[in-house]
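To start, the structure itself, in structure tokens.
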Amino acid sequence: MSRPSSPALATPSPAASSLNAARRARELAQLADGSEVDVLVVGLGATGAGVALDAASRGLAVAAIDAHDLAFGTSRWSSKLIHGGLRYLATGQLDVAHESAVERGVLMERTAPHLVRAQPFVLPLTPLVSRGQAALAWAGFRAGDLLRASARTSRTTLPAPRTLSAVETRHMAPALRPTGLRGGLLSWDGQLTDDARLVTAIARTAAAHGARILTRTRALSLSGSGARVRDELTGQELDIRARTVINAAGVWAGGLVDDIRLRPSRGTHLVLRCEDLGNLTAGMHIPIPGEANRFVLVLPQGDGRVYVGLTDEPVDGDIPDIPEVPETDIGFLLDVLGSALDVTVSRADLVGAFAGLRPLLDTAGDTGRTADLSRKHAVLTSPDGVVTVVGGKLTTYRRMAQDAVDAAVTASGLAAGRCRTASLPLVGAARPGALATLDAPRRLVRRYGTEAPAIHALGLTDPSLAHPVAPGHPVTGAELLWAVRHEGALDESDVLDRRTRIGLVPHDRRAAHTAAGDALAR
């Protein structure tokens, strides 16, 4: 089996970055003995994992905890898109738009080119899209391309937008209704292979720089000098001492620190089989009737599934661990699909659905729509010194983490180096040319980057690991075993719902449950 002499980016080795049950137990015991860390991070979604990486790569001693698992909350329920900020231009949020475009370029060209690729999108010009709306959308796409240029993202990475004929539009999206179709607008954005895989890569890279990554460790109370926590596997309680504490718990942040006001917003996605929508070679922006700048997204995933989303509805009351998908959201998304498609997609065609809660900051008691709230993040410091980072979105996780660590370092007087994460490749990262030469199936390369040959080799060594673990889904037993040995999976839910995403379709989850148990038993 051959590999390139250099992946063209220096990424951590599996040995240094591996997360598993034994490492977790060892590092938790060290903290129980009274070891003090420079930074304690609460929350291991994209932002919390990003904070752990930022702080550890500056030379600080870091512990990062989560009551559940990596990417348990909002970070695994996204549209799997790395947005360039076009929507924020339309609402006048120029700083947020530019920041999004910059961070998209960082991920696509430097830190995670194995996980983020250019995705084409078609906006069909149906009879419901007036010529004025089409002109406005085209101007927006051109402005988005200027954003790309201002962020110094290359044209090779993200091609230029262009107009399409009706024939070209239906070639890329055959399920569109031909009657009255005037053509389409083609644009490009970044698409993640998997948002939970991104979080796993960030956390493992942080571990390679010395951060203690501790899942199933619940914060019971916080102060500026540490936290009282509980090991959810054993029930043991202990104190973690820290020179500074950063609260990155997302929609749960307000439950840990007083005076944090959030207005959570629910984003719902439907899961369909690809055959229900034909041979999509691009995603689709389907305009929402009556809305000037909102679209339903149709997102082919490359694993036989298509996601359709998303909504933006306020959520009141207690925050659930796993948000439920209301029938009203399902009906809304199906209705918008029906406005543009020549095929009928009914409730019976759904094989799954998921919803995530955006941790939007309520800065002025605004009672308007959550869709209109700013996606700009904020870093707040409590009177007792806990630094909280809230708001923002998946695309800008790295900048959110940088700002939070900067604030903590300044407030606590820590001796730390400069932020390095804009040029620090994540586990598995390599430039596209190097990725193309790896001796492993392309699907594995897109999910694991330079680690794909090692996972492929597990199946060659033990043929029982080479087969898919659920009919019609490509994930193999080797991937499940890798999740346990190197990615910190501690139970079947970690393996199926976050490391592989098989669990998004309940039927597939049931089929793969035994294989997940076998991987854990090994």
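Out of (1) outside the structural domain of Glu27 (by TED's automatic domain parsing); (2) closer than 30 Å to Arg241 by Cβ, what's the single condition that is false for Asp145?
(2)
Could you list, in sequence order, the residues of the stretch 319-352 that are in a helix (DSSP H, G or I) and charged (D, E, K, R)?
Glu327, Asp329, Asp335, Arg347, Asp349
Go through the stretch 465-520 and give me each residue that's part of a helix (DSSP H, G or I) and of a type in the set (Asp, Glu).
Passing the criteria: Glu479, Glu492, Asp494, Asp497, Asp508, Asp518.
Tell me which residues, restricted to the stretch 83-102, are in a loop (DSSP other than H, G, I, E, B), surrounded by fewer than 24 Cβ atoms within 10 Å (Cβ to Cβ) and touching a Leu at 6+ places or on another chain (Cβ under 9 Å).
Once the filter is applied, which keeps residues that are in a loop (DSSP other than H, G, I, E, B), surrounded by fewer than 24 Cβ atoms within 10 Å (Cβ to Cβ) and touching a Leu at 6+ places or on another chain (Cβ under 9 Å), the stretch 83-102 yields only His83.
Restricting the first residue to the stretch 385-404 and requiring it to be in contact (Cβ under 8 Å) with a residue 40 or more places away in the chain and under 19 Å from Ala97 (Cα atoms), which pairs with a second residue that is of a type in the set (Lys, Arg) and in a strand (DSSP E or B) meet a Cβ separation below 9 Å and a spacing of at least six or different chains?
Lys393/Arg358
Just the residues that are within 28 Å of Leu270 (Cβ to Cβ) and in contact with a helix residue (DSSP H, G or I) (Cβ under 7 Å, 6 or more places away or on another chain), please, taken from the stretch 503-521.
Of everything in the stretch 503-521, those that are within 28 Å of Leu270 (Cβ to Cβ) and in contact with a helix residue (DSSP H, G or I) (Cβ under 7 Å, 6 or more places away or on another chain) turn out to be Gly503, Asp508, Arg509, Ala512, His513, Ala515, Ala516.
Which members of the stretch 225-264 meet the condition of being out of contact with any Gly (no Cβ under 9 Å at 6 or more places or on another chain), modelled with pLDDT under 95, surrounded by 15 or more Cβ atoms within 10 Å (Cβ to Cβ) and of a type in the set (Gly, Ala, Ser)?
Matches in the stretch 225-264: Gly254 only.
Only one residue in Leu220, Leu214 is assigned by TED's automatic domain parsing to the domain that holds Ala407, surrounded by fewer than 15 Cβ atoms within 10 Å (Cβ to Cβ) and not β-branched (Val, Ile, Thr). Which one?
Leu220
Could you list, in sequence order, all residues of the stretch 487-496 that are in contact (Cβ under 8 Å) with a residue 24 or more places away in the chain and buried (at least 23 other Cβ atoms within 10 Å of the Cβ)?
Passing the criteria: Glu487, Gly488, Ala489, Asp494, Val495.
Checking Val469 against (1) touching a strand residue (DSSP E or B) at 6+ places or on another chain (Cβ under 9 Å); (2) without any contact (Cβ under 8 Å) to a residue 12 or more places away in the chain; (3) β-branched (Val, Ile, Thr), which single condition isn't satisfied?
The single condition Val469 does not satisfy is (2).
If you go through the stretch 291-318, how many residues are under 30 Å from Val475 (Cα atoms), part of a strand (DSSP E or B) and either touching a Pro at 6+ places or on another chain (Cβ under 7 Å) or outside the structural domain of Leu136 (by TED's automatic domain parsing) (or both)?
1
State whether one or more residues within the stretch 306-325 are of a type in the set (S, T, N, Q), more than 13 Å from Asp276 (Cβ to Cβ) and more than 25 Å from the chain's Cα centre (by Cα).
no
Provide a single number: the residues in the stretch 61-82 that are of a type outside the set (A, V, I, L, M, F, W, C), part of a loop (DSSP other than H, G, I, E, B), out of contact with any Leu (no Cβ under 6 Å at 6 or more places or on another chain) and crowded, with 23+ Cβ neighbours inside 10 Å.
Total satisfying the criteria: 2.
Examine the stretch 28-38 for a residue that is small (Gly, Ala, Ser), modelled with pLDDT of 95 or more and in contact with a strand residue (DSSP E or B) (Cβ under 8 Å, 6 or more places away or on another chain), and state whether such a residue exists.
Within the stretch 28-38 (the criterion being small (Gly, Ala, Ser), modelled with pLDDT of 95 or more and in contact with a strand residue (DSSP E or B) (Cβ under 8 Å, 6 or more places away or on another chain)), the answer is no, since none of the residues qualifies.
So, Leu89, is that one over 17 Å from Ser423 (Cα atoms), touching a residue at least 24 places away in the same chain (Cβ under 8 Å) and touching a helix residue (DSSP H, G or I) at 6+ places or on another chain (Cβ under 6 Å) or not?
So Leu89 passes the test.
For Arg447, indicate whether it is modelled with pLDDT of 95 or more, within 28 Å of Tyr307 (Cα to Cα) and not acidic (Asp, Glu).
In short, yes.
Name the residues in the stretch 81-99 that are charged (D, E, K, R) and either assigned by TED's automatic domain parsing to the domain that holds His377 or closer than 12 Å to Lys376 by Cβ (or both), would you?
Result: Asp95, Glu99.
The values are calculated or read from the model by the stated rules, or taken from the named source; none is laboratory data. Predicted model, so just to flag it, every value in this text is computed and none were measured. Quick reminder, even Gly has a Cβ in these numbers, built from the backbone with ideal geometry, and neighbours come from all protein chains shown.
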